[in-house]
Amino acid sequence: MDDQQRLIEEAKIILEQNWQDGFTIPRAELYPFQWNWDSGFVALGWSHFKVENALRELNSLFSGQWLNGMIPHIVFHSENETTYFPNHDFWKTDQCQSAPDSPKTSGISQPPVHAFILERIYVKHQDNPEILDAIQELFPKILRAHRWWYQHRDPLNEGLVYIYHPWESGRDNSPMWDEALGNIVFDRDQLPTYERKDTAHTEADMRPTKRDYDVYVYLLEVGKKYQYEGPEIFHVSPYVIQDTLINAILIKSNESLIRIGKLLGYSMSDLEKWNRKSKVSFEEKLWNEELGVYTCYNLRTNRQIACREIGAFTALFAGIPSIDRAQKLMTLLHSWQEKGFSLCPSFDPGHGSFDSKRYWRGPIWPQMNWLINQGLLRYGFDDLATAVKQDLIRLVKQMGFYEYFEANLITQKGLDRGYGGSHFSWTASTIIDLMKSEK
Ligand code: GLC
């Protein structure tokens with residue numbers, strides 16, 4: 001067995017170990033339930049060697065879909081697991097009309113990756129008759145989820161959806177949120193008491209701070225007060241953001257959903273209309289000429305969040321930028337590489353808030369490399385796409401299947417492991433997919 005094959009075999013073992021008879025946990029103890037966008041990447045990994053697990057994975061996630069269409073960011077398939085905070089009893093979604101009785105879920109969402117993942121699975125297995133059945137079953141559920149984003153999270157009717165919790169962005173403690181979260185004033189004594197569990201499973205300096213967690217709980221309580229869906233949230237939440245990554249992923253997934261819908265014989269004109277509008281608004285509202293990147297938009301202050309950050313590059317995957325803007329994004333990424341960083345740091349390494357160890361403040365995340373590799377390929381930037389892929393493969397070979405990795409090349413030399421959780425599911429899946437693809 002050569003090195004390549006060995007790495008793929010190791011990755012498969014990780015997925016098997018994290019498989020819970022119907023879905024895959026990201027990592028035992030640290031994340032012992034099913035996560036929304038993790039499940040998409042994990043299904044992609046499974047589709048290379050056990051496609052039935054890929055379909056079960058997606059179906060399990062959608063068993064937590066709310067009546068209003070939302071796919072929650074966590075589905076708590078087990079009510080006996082106690083190693084994670086906030087657990088289902090803290091979310092109290094049993095008091096929400098839209099939430100399913102079982103399984104229990106959280107009350108917010110995450111990047112909607114499932115349509116483009118489903119399309120990938122279809123393209124790979126189109127000769128398998130079970131795939132078409134699965135698609136027929138999943139298509140209306142994903143469509144409802146996309147409708148939910150537009151109906152519940154786009155009150156300004158711009159084609160750009162908002163989030164009201166950093167957990168929804170998938171990039172919890174990015175410095176991008178510092179200003180918005182730092183401005184939130186609250187009385188700690190008014191927060192419900194809670195006990196963090198994450199720092200019992202991994203080092204505290206690789207995780208969000210205590211203040212970050214207080215704010216996460218504060219924003220969770222804002223959602224809870226309005227059953228996580230009331231239109232009031234848009235007006236009262238101190239954190240209301242149009243995120244690059246969420247919107248780019250939604251646009252990319254819309255494209256896939258339109259193609260799947262047409263394949264099944266449906267008219268997709270509604271979604272085609274939304275998608276056109278979304279792309280135009282993304283270009284007009286989120287591009288920052290001075291920084292040469294897309295930025296998130298803070299709807300509370302009515303300003304762009306002027307930071308260079310990883311979410312910007314996912315616009316390539318969605319085919320949003322003009323060639324000129326794509327070139328600028330490519331050049332920026334290239335400049336980070338020239339400064340001595342492996343690709344892709346999750347935050348601008350030249351910014352004072354960059355922290356190459358602390359979660360979303362700088363480290364490299366496998367699923368982000370996957371998204372950016374695909375985006376660069378879409379625009380024909382093959383060399384940089386290869387660098388993004390090879391950097392991740394090298395890090396995993398050197399340090400193991402970790403949750404995230406040191407970005408600074410010099411610091412990497414003294415390390416023999418990655419950061420956060422080990423034996424991580426989406427690291428395993430993205431490695432399988434990247435190593436099995438030609439470019
Ligand atoms: C962390 C990440 C989030 C991911 C989850 C499970 O909260 O920030 O993006 O979905 O872990 O892996």
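FYI, it's all coordinate maths here, none of it is from the lab. Since this is a predicted model, take the numbers as computed values, not measurements. Here the Cβ positions follow ideal geometry from the backbone for every residue, glycine too, while neighbour counts run over all protein chains shown.
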If you place +1 on the Cβ of every Lys and Arg and -1 on the Cβ of every Asp and Glu, how big does the dipole about the Cα centre of the chain come out, in debye to the nearest 20? 640 debye
Toy charge model, Lys and Arg Cβ at +1, Asp and Glu Cβ at -1: segment 157-270 dipole around Cα centroid in debye, rounded to 20, equals 380 debye
In what sequence do Cys296, Cys307 fall when counting other Cβ within 10 Å, fewest first? Cys307, Cys296
Using the Karplus curve 6.51 cos²θ - 1.76 cosθ + 1.60 with θ = phi - 60°, what ³J(HN,Hα) values do you get for each residue of segment 345-350, in whole Hz, with x for Gly and Pro? x, 7, 9, 3, x, x
Express in nm, to one decimal, how much length is gained between Asp205 and Tyr266 on full extension, taking 0.36 nm for each residue of separation and deducting their alpha carbon distance. 16.9 nm
Taking the Cα centre of segment 339-439 as origin, work out the dipole magnitude from +1 charges on Lys and Arg Cβ and -1 charges on Asp and Glu Cβ, in debye rounded to 20. 120 debye
Checked against the positive end of the charge dipole of the chain (+1 on Cβ of Lys and Arg, -1 on Cβ of Asp and Glu, about the Cα centre), the farthest of Ala315, Phe139, Pro366 is Ala315
If each Cα of the chain is one equal point scatterer, what is log10 of I(q)/I(0) from the Debye formula at q = 0.07, 0.14 Å⁻¹? -0.30, -1.46
Residue of Gly421, Gly352, Gly362 that the Gaussian network model of the chain assigns the largest fluctuation, springs spanning Cα pairs under 10 Å: Gly352
With R₀ set to 51 angstrom, the calculated FRET efficiency between the beta-carbons of Gln97 and Ile410, to the nearest 0.05, is 0.40
Under a 5 Å amide H to amide H cut-off, with H placed in plane at 1.01 Å, what residues pair with Gln34 once short-range neighbours are removed? Val75, His77
When the helix-only estimate is applied to the chain (DSSP H runs of n ≥ 4, each -39,500 (n - 2.57), divided by the residue count), what is the mean residue ellipticity at 222 nm, nearest 500 deg cm²/dmol? -15000 deg cm²/dmol
At what distance in nm do the modelled label points of Val185 and Gln136 sit from each other, each positioned 7 Å from its Cα along Cα→Cβ? 5.9 nm
Once every Cα of segment 121-202 carries one equal point scatterer and solvent is ignored, give the base-10 log of I(q)/I(0) from the Debye formula at q = 0.23 Å⁻¹, two decimals. -1.13
For the chain, what is the relative contact order in percent, using Cα pairs closer than 8 Å and at least 6 residues apart in sequence? 18 percent
Dipole of segment 223-345, positive direction: furthest Cα of Ala326, Cys296, Gly223, with charges on the beta-carbon: Gly223
Normalising by the residue count of segment 264-403, find the relative contact order in percent from Cα pairs under 8 Å and 6+ residues apart. 18 percent
Using the count of nearby Cβ atoms within 10 Å as a rough guide to exposure, how do Met368, Met435 rank from fewest to most? Met435, Met368
Looking at the square roots a ≥ b ≥ c of the eigenvalues of the Cα gyration tensor of segment 320-439, which shape do they give, rounded for a/c under 1.5, prolate if a/b is larger than b/c, or oblate? oblate
Per-residue Cβ neighbour rank within 10 angstrom, fewest leading, Trp426, Trp287: Trp287, Trp426
How high is the relative contact order of segment 118-237, in percent, counting Cα pairs under 8 Å that sit 6 or more residues apart? 20 percent
Projected onto the charge dipole of segment 32-114 (unit charges on the beta-carbon of Lys, Arg, Asp and Glu, signs +1, +1, -1, -1), the Cα from Ser60, Gly107, Leu44 with the largest positive-side position is that of Leu44
